[in-house]
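Where a number appears in this text, it was derived from the coordinates with a stated rule and is not lab data. Please read these numbers as outputs of a predicted model, since none were measured by experiment. Neighbour counts run over all protein chains shown; Cβ positions are idealised from the backbone, glycine included.
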Protein chains: 10
Amino acid sequence: MLFLVRMDVCLPSDLSDQEAETLKHQEKLYAQKLQCEGTWLHLWRVAGHYANVSVFSVEDLDTLHTALTGLPFFPFLEIEITPLCAHPSRVAPE
Amino acid sequence: MLFLVRMDVCLPSDLSDQEAETLKHQEKLYAQKLQCEGTWLHLWRVAGHYANVSVFSVEDLDTLHTALTGLPFFPFLEIEITPLCAHPSRVAPE
Amino acid sequence: MLFLVRMDVCLPSDLSDQEAETLKHQEKLYAQKLQCEGTWLHLWRVAGHYANVSVFSVEDLDTLHTALTGLPFFPFLEIEITPLCAHPSRVAPE
Amino acid sequence: MLFLVRMDVCLPSDLSDQEAETLKHQEKLYAQKLQCEGTWLHLWRVAGHYANVSVFSVEDLDTLHTALTGLPFFPFLEIEITPLCAHPSRVAPE
Amino acid sequence: MLFLVRMDVCLPSDLSDQEAETLKHQEKLYAQKLQCEGTWLHLWRVAGHYANVSVFSVEDLDTLHTALTGLPFFPFLEIEITPLCAHPSRVAPE
Amino acid sequence: MLFLVRMDVCLPSDLSDQEAETLKHQEKLYAQKLQCEGTWLHLWRVAGHYANVSVFSVEDLDTLHTALTGLPFFPFLEIEITPLCAHPSRVAPE
Amino acid sequence: MLFLVRMDVCLPSDLSDQEAETLKHQEKLYAQKLQCEGTWLHLWRVAGHYANVSVFSVEDLDTLHTALTGLPFFPFLEIEITPLCAHPSRVAPE
Amino acid sequence: MLFLVRMDVCLPSDLSDQEAETLKHQEKLYAQKLQCEGTWLHLWRVAGHYANVSVFSVEDLDTLHTALTGLPFFPFLEIEITPLCAHPSRVAPE
Amino acid sequence: MLFLVRMDVCLPSDLSDQEAETLKHQEKLYAQKLQCEGTWLHLWRVAGHYANVSVFSVEDLDTLHTALTGLPFFPFLEIEITPLCAHPSRVAPE
Amino acid sequence: MLFLVRMDVCLPSDLSDQEAETLKHQEKLYAQKLQCEGTWLHLWRVAGHYANVSVFSVEDLDTLHTALTGLPFFPFLEIEITPLCAHPSRVAPE
């Protein structure tokens, strides 16, 4: 099952540079791990914003929830989720 | 260049069934032509809505504009465009 | 998988009483069929509104999409979908 | 009487981990107590969010108010309340 | 139980004057009947708007729903409902 | 003249418990004084929220402004004001 | 008492030119009558919009309501009302 | 040229009383200076809010910008600007 | 003086093709006339929308209002106006 | 390719004057550098706001993203991006 997920990042201003760097590093490792597992199917940066648009491929909603709430950035994210289906006009197989 | 495009369809209620079918058929052909040309990269249906989420791959904004305003559904679409960039944490090459 | 679905009904004003009654009857039959199949798990009326709040239980998003777009009222519905997971504080088993 | 209640949690960033853990523990006990009493009828987690969707069953509005404002999380909650009625198309008895 | 209810009226423009007058007359009779029964506790006009703010006193939500959906104006109303409780600083008894 | 006033309270998180208690006590005394004077005609708690819905009866807008800005809670209130008139369908005299 | 009133005009598209002209003429006469009576204190056009911003001076809210609902344009107006008071920093007497 | 300007004041909570008093005094002097110069044509308090509605009369937009950004309160203001024109139905000369 | 103006076009669905073409032709002539006069300084199409973003250069607000309300499309436009000033960091002279 | 970009600045209140001045100086140098390179095509101040409206001319979205996220003010900016195309009614060549 596919979900479009937009994540807007808003790190607290009182986070030290060191803490921010550590967090970003953890976030990157986590994101790349999920991509390698096939859960995080697409990942794009939203131009001009500290945000991304992604497509998650998961078995069920608990997996989606675990994947998103496991993000090191999770407490600092505004998340919007759009469930996706196969489109009848789609040419390429899913 | 990639653009995330959400299209919500709102066909006028005074459109006859015949007109609606013709329009839908034209829309499908148009969408599949653009997919084959590589312009319309991804196309998903938004679950529970008469709407789609797509990713367009275009050389420039005029091409994007021409592609979208050429849609038979264009007069009946609410369109939201999000410019996308490569994300630094992306594993797979673009 | 569970989805909270809010449906606000807005029937067009130029629908004759007869057409409206027929549509309502079809909607009721359809809703009761899905309830008997276990897809439409909960169904409540929103007090003071021509709207309902429901919980759908489906295998996947295509099933959810098919169930919702199959509603006779679908063209006249404003639909809001919230994916649900099991809550860690929940006492009763799902 | 039934009320759909959505609660979005926003814990202040200056809360220590210890304070947060204590608060979460109290919140869980409180939620499970109300579930056992039959007041908190349904409790689901909103996928991808620190939020829940619940259905409360109460005698009157004062009971609802007391139940919600008694939540340890109450000062950190954004609450949305939707009064529910029996739906005429519902198959299963309430 | 008390509910604050705001009703904004938007009569369709293709309603004949005669139909509008009949509807308004029925609405007035209905509103006065509910006031006499004690259901419609307070009724004020919102200055400068075709809208009212009211307080309904009902036993339960089904009664509230029946009262509101029974309004001749119901199909042409935008309704907002706010459940009310006794306030701890209130001097006069409820 | 009557005004419907909704007040949503948002006390700053860095207010000590003692300061909060003092403020609440002052607010209660102030509210009860205005009720006894007949200015604060109705006062209800909004179920599930730290908010109230009230009806103020004042001679003029300066009186209304003085009454509201005199609230100890005023700096921490989100206030919404709706001017009210007598409604033509009202049965009981104002 | 003073009220700031913004009025956005949206005449229905099926109004004939003749009907529109008659209505505009009546609206102008009405507006000028209220200005001569001192009720309509200030009247400005909002640049680039079919809208005005006005200040009404009235004894009470019923007068304000009567003045606004008496506008020939009233059924086609979106009205926003802001109650005004004397400002402590104002130099010129009210 | 005339501009309607709404200013909503939101002073930071960590401002000492002394700082706040000084700022308010400066703001008052500044406002009265601009009124005497004829730039600040009208100034009203919004009833029940820490906000004002004003009309500025300026030669050009740079003057307007300088006047507004010169306000001691400027960093703590939410400002909404509406350009105004002479209204064809206005009786009194501008 | 410069104003940023966004115009979103929404032609009524009951406009015949002939009427729409005539209107578009008039709109184009009008827009080009104002560009030649130097009033319509910049004109861009918003990609993917039936809308434009423009910069108008005018002596005063009446000129701006006349220019915009003179548009053949004016009754079918949603207009948003942002007054602009010279920016202190601008390199090129205005 | 052209993009309309609105930037609303919201510097944190705990930034010292010295830090703010340094940041503003860096922002100005950066903005002027991009203007000299032809990337930052137009730059206007929004009257009455700590905001600007700009037009960026870039080869692709990565360049746009790099330009915007490189702004010293970037962490304190609310950014809105509107992709622009050539308008068919434009007289002057692009």
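Sort out for me the Cα centre separation of the range A:72-86 from the range G:1-28, rounded to whole Å.
46 Å
Using a cut-off of 24 Å between alpha-carbon atoms, which lysines can reach E:K24, once sequence neighbours fewer than 8 places away in the same chain are excluded?
Cα-Cα hits under 24 Å: E:K33.
Defining a contact as two alpha carbons under 8 Å apart and six or more residues distant in sequence, what relative contact order in percent does chain I show?
Value for chain I: 48 percent.
What is the dipole size for chain H, taken about its Cα centre, with +1 at each Lys and Arg Cβ and -1 at each Asp and Glu Cβ, in debye to the nearest 20?
In total the dipole reaches around 380 debye.
Cα atoms only: what Rg and Dmax, in Å, come out for the protein assembly as shown?
Every Cα atom of the protein assembly as shown included, Rg and Dmax give 29.2, 77 Å.
Given the rule -39500 (n - 2.57) for each run of at least 4 DSSP H residues, summed and divided by the residues of chain J, what is its mean residue ellipticity at 222 nm, to the nearest 500 deg cm²/dmol? Walk me through the numbers before you get to the answer.
Working: 2 runs with 30 residues, N = 94.
When only DSSP H runs of four or more count, the value is -10500 deg cm²/dmol.
Work from the charge dipole of chain G (Cβ charges, +1 for Lys and Arg, -1 for Asp and Glu, about the Cα centre) and give the residue of G:P88, G:L77, G:G48 farthest towards its positive end.
G:P88
Please list, in chain and number order, the residues 5+ apart from D:G48 or on another chain whose amide H is under 5 Å from its amide H, with Hs placed from the backbone.
For D:G48, whose amide H was placed from the backbone, the distant partners under 5 Å are A:H65.
Calculate the FRET efficiency for F:S16 and B:F74 from the Cβ-Cβ distance with a Förster distance of 56 Å, rounded to the nearest 0.05.
In this case the efficiency is close to 0.40.
Report the semi-axes of the equivalent ellipsoid for chain G in whole Å, largest first, where each axis is √(5λ) for an eigenvalue λ of the Cα gyration tensor.
Output for chain G: semi-axes of 27, 14, 12 Å.
As a check on your reading of the symmetry: which chain A residue has its Cβ nearest the axis that brings A onto J, and how far is it in Å?
Spelled out as residue then distance in Å, it is A:D14, 7.
Can you give me the distance in nm between label points at I:E59 and B:H25, each placed 7 Å from the Cα along the Cα-to-Cβ direction?
Taking the two extended label points, one gets 5.9 nm.
Residue by residue through the range H:34-41, which ³J(HN,Hα) values in whole Hz follow from phi under the Karplus form 6.51 cos²θ - 1.76 cosθ + 1.60 (θ = phi - 60°), with glycine and proline marked x?
My calculation for the range H:34-41 gives 5, 5, 5, 6, x, 6, 8, 6 Hz in order.
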